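To start, the structure under review is shown below, and the notes come after it.
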Amino acid sequence: MKRETEVVSVGGWNIYVERYVCPEASESAIFVNGALSTTQAFRSTIKNLKGKVNMILFDLPFIGKSRQHNTISRPMSKSEEVMILQGLIDRYQPSYILSVSWGGLAALMALANKPPSIRKALIASFSTRITPEMRRYIERAKVLLDEDRNHEVATLLNSEVGKYLPRLLQRVNHEHIKNLDGETYRQARFHIGQISSLSFEDYVDVFREVEVPVLFVNGDWDEYTSKEDVKCVENYIEECEFFVIPEAGHFLDMESKSASRSMSEIYDRHLLA
């Protein structure tokens, strides 16, 4: 599988894109990162989909390998994130969209715009409700971000949503979060504010406009985006399925080999079928 990289302009932003191209594959999938995540978050997914589909990954302007190509003077709104995603979908014409965590909101908002190339979506570790555990986590994160206690923000991530990750990945996460620059932390504070203010009613109009089949996948142990709290979307999205990964938390296939195998089965039997 050939890896190609490029920086493309979308709506005035410069977006770093990675493409994994398989000559035998006729269709493509675009991946949508969670909050403060980069293309690195999809390493397990790339392994599971290798040779089955072409893959498109990207970093938002304020983080990862896009950061050096952009001047950030203000926080980026969710609508701008969706605009970038929509621009990349228009450019690369993928058949599938896969998202993790709060990337699910941008993915669903893009689906509500009915991009003609997309025929199926997988939304992982997403919930329509701020659980008490998530509320506690984001409120603590906001305090630490406001006080520029970057090391403690990284520690908090690993002790909460990342608590089931292997130690090696926890160390990688810690270094990634600890070393983000000031503008990226400003985006993090803005993002937390957006999450805190969301209610279920904010999602309903989006859900009703989604016309393609959607697979929702949650970890059985995930207290932050729980499997119970996403089920209500079946009242609004006409064609959706729900899957639970046993013995997995928020980061699903990054946490264990068994979780990775379970995700691989969902890709093969339900997403690409």
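The values are calculated or read from the model by the stated rules, or taken from the named source; none is laboratory data. None of these values were measured; they are calculated from a predicted model. Note: ideal-geometry Cβ built from the backbone for every residue, glycine included; neighbour counts use all protein chains shown. These accessible areas exclude ligands, DNA and RNA; they are computed on the full protein's heavy atoms, side chains included. Shrake-Rupley method; radii C 1.70, N 1.55, O 1.52, S 1.80 Å.
A few points about this structure:
- Number of the exception - ILE177 against (1) part of a helix (DSSP H, G or I); (2) farther than 22 Å from SER66 by Cβ; (3) open to solvent by less than 80 Å² (accessible area, probe 1.4 Å); (4) aliphatic (A, V, I, L, M): (2)
- If you go through segment 67-107 and keep only what is farther than 22 Å from MET134 by Cα, open to solvent by 40 Å² or more (accessible area, probe 1.4 Å) and among the aliphatic types (A, V, I, L, M), you end up with just MET83.
- When residues in segment 143-168 are screened for being among the hydrophobic types (A, V, I, L, M, F, W, C) and farther than 15 Å from GLN187 by Cα, 6 of them pass.
- Residues in segment 246-272 that are closer than 24 Å to SER28 by Cα and either open to solvent by less than 50 Å² (accessible area, probe 1.4 Å) or touching a strand residue (DSSP E or B) at 6+ places or on another chain (Cβ under 9 Å) (or both): 14 in all.
- Of all the criteria given as (1) surrounded by fewer than 18 Cβ atoms within 10 Å (Cβ to Cβ); (2) more than 20 Å from TYR267 (Cβ to Cβ); (3) among the small types (Gly, Ala, Ser), the one not satisfied by GLY64 is (1).
- Tally, over segment 132-174, of residues that are assigned to a helix (DSSP H, G or I), more than 24 Å from ALA259 (Cα to Cα) and acidic (Asp, Glu): 3
- Within segment 142-164, the residues that satisfy the criterion of being touching a residue at least 40 places away in the same chain (Cβ under 8 Å), open to solvent by less than 40 Å² (accessible area, probe 1.4 Å) and in contact with a helix residue (DSSP H, G or I) (Cβ under 6 Å, 6 or more places away or on another chain) are LEU145, GLU160, GLY162.
- Answer residue from segment 184-238, given it is of a type in the set (Ser, Thr, Tyr) and part of a helix (DSSP H, G or I) and is most open to solvent (accessible area, probe 1.4 Å) among those: SER197
- Under the condition of being open to solvent by 30 Å² or more (accessible area, probe 1.4 Å), among the β-branched types (Val, Ile, Thr) and either within 21 Å of HIS69 (Cα to Cα) or touching a helix residue (DSSP H, G or I) at 6+ places or on another chain (Cβ under 6 Å) (or both), the residues counted in segment 1-37 number 2.
- Applying the set (1) without any contact (Cβ under 8 Å) to a residue 12 or more places away in the chain; (2) under 23 Å from GLU81 (Cα atoms) to GLU228 leaves exactly one unmet item: (2).
- Inter-residue pairs, beta-carbon under 8 Å, first under 22 Å from SER196 (Cα atoms) and in segment 102-116, second among the basic types (Lys, Arg) and in a helix (DSSP H, G or I), 6+ apart: LEU105/LYS78; ALA106/LYS78; MET109/LYS78
- Pairs with Cβ under 7 Å, 6+ apart, first in segment 178-200 and β-branched (Val, Ile, Thr), second open to solvent by 60 Å² or more (accessible area, probe 1.4 Å): ILE192/LYS142
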